[in-house]
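Report on one structure; see the data block that follows.
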Amino acid sequence: MNPADLFRRRLLVVAGKGGVGKTTVACALALEGARRGLRILLCEVDGLAGTAHLLHVPPPDVGSVAEASPGVFIMRVDGRAALAEYLGMVVPVRRLLDAVFRSRIYHYFVAAAPGLKELMTIGKIWYEAEGVQDASGGHKWDLVIFDAPATGHSLQYLRMPAAARDAFSAGLVHREAQRLVELLTDPARTAINLVATAEELPVNETIGMYRQLRDLRMPTGVLFVNRVHTTDFADADIERLRSAVARRREERERVALAEMAARAREEAGWTRVNARYRARLAEQVEMPLVQIPFLFSEEFSLAEVREIAAHLRREVPATGRRERRA
Amino acid sequence: MTSLEQVIAEHSVVICAGSGGVGKTTTAAALALHGAQQGRRTIVLTIDPARRLADALGLRELGNEARTVDVVARGSLSAMMLDQKGAWDALVERYAPTPDVRQRILGNRFYQHLSQSFAGSQEYMAVEQLYELHHGGRYDLIIVDTPPTRQALDFLDAPQRVGDFLDRKIVRWFVKPYFAAGWATLRVMNRTVGALFRRLEDATGLSALAEISDFFTSMSGLFDGFGERVQRVNRLLRSKRTAFVLIASPEEQVLTEAEEFCRKVSGLSVSLRAVVFNRVHRESGLDPRAYAEDWLRELAARVLKSAERAAAYGGNFLRYETLARGDNLRIEAFLRQLRARSRLATVMVPNFDEDLHDLDGLRRMIPFLVGAD
């Protein structure tokens with residue numbers, strides 16, 4: 001796909017190995033989408049309220065929506081709550097439902113049925129992405145961004161609808177699962193984006209995930225390579241600084257020279273590691289690659305997310321067409 | 001205060017816990033290599049090593065077998081990769097009363113789901129594997145790398161969770177004929193509730209329930225010893241010979257999760273003995289008031305004879321000082337909180353100039369973990 005089309009989808013999934021900055025990229029995409037005039041819903045699942053934390057707002061209750069920044073709404077989705085909500089739609093008698101929710105066998109069932117929570121979570125996200133506003137008939141959101149859990153677990157989420165569809169040859173579940181599969185595999189509506197850092201473990205995992213997505217025929221979006229170091233320093237210069245230490249008398253100068261050499265070596269080392277693994281990603285993953293620079297900040301907070309959003313603004317060109325859908 | 005070196009020396013099981021992406025696997029392997037260097041028969045039970053580390057540890061092929069790593073050490077180093085599907089299968093193979101039952105279980109779709117995706121099953125199998133290794137007596141130091149979870153405590157809860165899951169009182173409901181007792185009770189309670197459950201079944205899969213029922217019927221004999229097994233495994237996790245080491249990095253989110261871990265763990269009777277911070281940016285120790293960027297540039301320019309390159313070196317140093325200051329502040333705040341409650345060994349492993357995942361990398365890490373020797 002063309003990165004410029006990213007903001008014309010209905011659903012963007014942001015996936016990747018734990019600790020590579022998925023939540024950061026998801027938040028930055030949301031901020032940039034909102035800047036382009038889209039009404040964005042940003043969903044997360046693992047109960048840690050990472051998006052609220054990064055966007056510097058109090059975490060909303062599970063299942064409810066809060067506006068974290070103009071045009072950016074966040075929601076924490078929980079499979080169990082989504083199942084309860086779904087049953088509430090199917091069976092609108094509150095008293096009966098309460099009896100079900102109180103029973104032990106229900107809780108056991110929810111814990112035991114493989115993939116049920118994942119299926120319900122994706123169902124809820126589908127409902128938000130495709131849901132229609134009552135009055136105008138327009139979509140509730142212009143774009144839903146799903147900050148997915150770490151690789152293995154997010155594959156479980158993505159696989160569940162097809163598994164559920166195949167497990168039932170007909171009936172309600174088959175039909176509903178089929179609708180989820182259609183959304184998840186439709187390149188016009190959905191893009192699965194990957195986030196990686198250009199290092200051994202995340203790169204291996206990303207290549208593995210990319211292959212699985214391809215096997216599942218899921219539409220891929222952009223591969224974000226995060227925290228890239230880009231300053232190389234010549235070994236000869238580093239060595240000259242290091243050997244100059246011995247010629248200095250003043251302690252302050254000795255420390256400063258040694259430290260300048262050591263930090264240059266550190267930066268050059270990571271620059272080379274990143275370049276090597278970035279090349280491997282480019283070679284093995286057929287997705288457009290957007291590189292995000294490493295940010296040298298004392299702490300990573302909203303200002304840094306905004307900086308990355310501004311970077312995406314330059315890297316992901318606008319389409320020229322109006323991106324907001326009617 | 002004890003050092004991490006003492007913690008390793010005084011325990012026979014060391015469990016490395018922490019959130020994903022903080023270098024848990026590498027740290028576990030480095031601690032194991034250190035154990036072997038100290039003359040102990042060591043094994044590292046690992047989950048998902050980087051390919052080059054897997055190569056270095058001789059773990060290219062999957063499977064539950066321990067492999068000896070070829071290192072020069074007074075003791076020995078073995079490594080074993082946790083393959084949870086294989087471990088469940090091995091458990092079934094061991095406990096199934098007849099080949100027939102074994103086949104039925106292994107071929108059951110619910111079992112296949114369960115062994116791959118039941119929350120906590122990977123954690124449980126790691127504990128189970130640990131118990132087997134400990135029981136076998138071939139090693140006097142076992143280092144465990146825990147599965148990558150965001151909630152590191154899952155590892156501790158897993159035996160209980162799997163135990164509850166296989167709780168016979170509730171499992172009986174699932175045993176053929178399908179939920180006879182359960183449905184009857186429900187019908188008495190309220191006919192519509194019964195109908196509701198059928199709807200729920202429809203929404204999630206009747207066949208799944210039938211498979212579950214069949215699975216529990218086949219497994220029913222296997223559960224008899226299970227509660228006791230969970231008890232034994234739990235005892236090992238809480239034994240005096242077992243130490244937990246928390247692996248973290250100086251990132252805000254990682255430390256938030258680490259704090260949560262420490263808070264929760266203090267209520268459980270496990271012994272958290274050390275915290276390792278990986279990838280810490282070190283401060284130079286220079287007082288920032290004592291120099292300016294211009295001064296750095298001039299100093300570098302005198303050596304490099306190029307104002308432009310000197311500026312790059314000076315700027316880079318200052319950017320790394322910024323990172324180091326942030327890391328330091330976060331770690332200090334974390335440790336202040338922690339020290340109020342407990343006395344832990346803490347070690348800091350610096351951010352190296354490369355990705356570490358071969359034996360040389362592990363050797364580079366060891367002096368920071370246990371002090372130069």
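How much of residue A:25 can a 1.4 Å solvent probe reach, expressed as accessible area in Å² and rounded to 10? Accessible surface of residue A:25 is approximately 0 Å². Backbone phi angles across segment B:271-282, fed through the Karplus curve with coefficients 6.51, -1.76 and 1.60 (θ = phi - 60°), yield HN-Hα couplings of 9, 7, 10, 8, 10, 10, 9, 9, 6, 8, 7, 8 Hz in residue order; Gly and Pro are listed as x.
Across the options B:320, B:344, B:307, the greatest Cα extent toward the positive end of the charge dipole of segment B:306-373 (unit charges at beta carbon of Lys, Arg, Asp, Glu) belongs to B:344. Take each residue in A:264-271, count the other chain C-beta atoms within 10 Å of its C-beta, and the mean is 5. Taken one residue at a time, the phi angles of segment B:136-142 give Karplus couplings (6.51, -1.76, 1.60, θ = phi - 60°) of x, x, 7, 10, 9, 9, 10 Hz. Gly and Pro are set to x. The heavy atoms of residue A:126 offer some 50 square angstrom of accessible surface to a 1.4 angstrom probe.
Each of B:354, A:286 has its accessible area taken with a 1.4 Å probe; listed largest first, they run A:286, B:354. Relative to the longest principal axis of the Cα atoms of chain A, the long axis of helix A:151-167 makes an angle of roughly 20 degrees. Close amide H partners of residue B:20, meaning residues 5 or more places away or on another chain with modelled amide H under 5 Å apart, are B:149. When you count the other C-beta atoms within 10 angstrom of each residue and take the mean per peptide, B:26-35, A:243-252 line up highest first as B:26-35, A:243-252. Peptide packing: for B:268-277, A:52-61, the average count of neighbouring Cβ atoms within 10 Å per residue gives the ranking B:268-277, A:52-61, highest mean first. Ligands, DNA and RNA left out, the accessible area of segment A:171-241 computed with a 1.4 Å probe is 49% carbon and sulfur. Of the residues A:86, A:106, A:277, the one that moves most in a GNM of chain A with alpha-carbon contacts below 10 Å is A:106.
Among the listed pairs A:117/B:240; A:22/A:117; A:17/B:240; A:117/B:24; A:17/A:140; A:124/B:264, those whose Cα-Cα separation exceeds 26 Å are A:117/B:240; A:17/B:240; A:117/B:24; A:17/A:140; A:124/B:264.
The order of the peptides A:214-220, A:181-187 by mean Cβ neighbours within 10 Å, most packed first, is A:181-187, A:214-220. Note on B:352-358: average number of Cβ atoms from other chains within 10 Å of each residue's Cβ is 6. Evaluating 6.51 cos²θ - 1.76 cosθ + 1.60 at θ = phi - 60° for every residue in segment A:233-248, the Karplus couplings come out as 10, 5, 3, 4, 5, 4, 5, 5, 5, 5, 6, 6, 4, 5, 8, 9 Hz, glycine and proline recorded as x. The interface between chain B and chain A buries about 6500 Å² of solvent-accessible area in total (1.4 Å probe, ligands and nucleic acids excluded).
What angle do you read, to the nearest 10 degrees and between 0 and 90, between the alpha-carbon axis of helix A:116-130 and the longest principal axis of chain A? For helix A:116-130, the angle is close to 90 degrees.
Atom-type composition of the exposed protein surface of segment A:29-98 places 57 percent of the accessible area on carbon and sulfur (1.4 angstrom probe).
Look at the stretch B:293-303: the mean tally of other chain Cβ atoms within 10 Å of its residues' Cβ atoms is 4.
In this structure the amide hydrogen of residue A:197, modeled in the peptide plane, comes within under 5 Å of the amide hydrogens of A:226, none closer than 5 places in sequence on its chain.
The values are calculated or read from the model by the stated rules, or taken from the named source; none is laboratory data. Quick caveat, the model's predicted, so the values are computed rather than measured. Heads up, the Cβs are rebuilt from the backbone with ideal geometry, glycines too, and the neighbour counts pull from every protein chain shown. We work out accessible area using only protein heavy atoms, side chains counted, and drop any ligands, DNA or RNA first. Shrake-Rupley method; radii C 1.70, N 1.55, O 1.52, S 1.80 Å.
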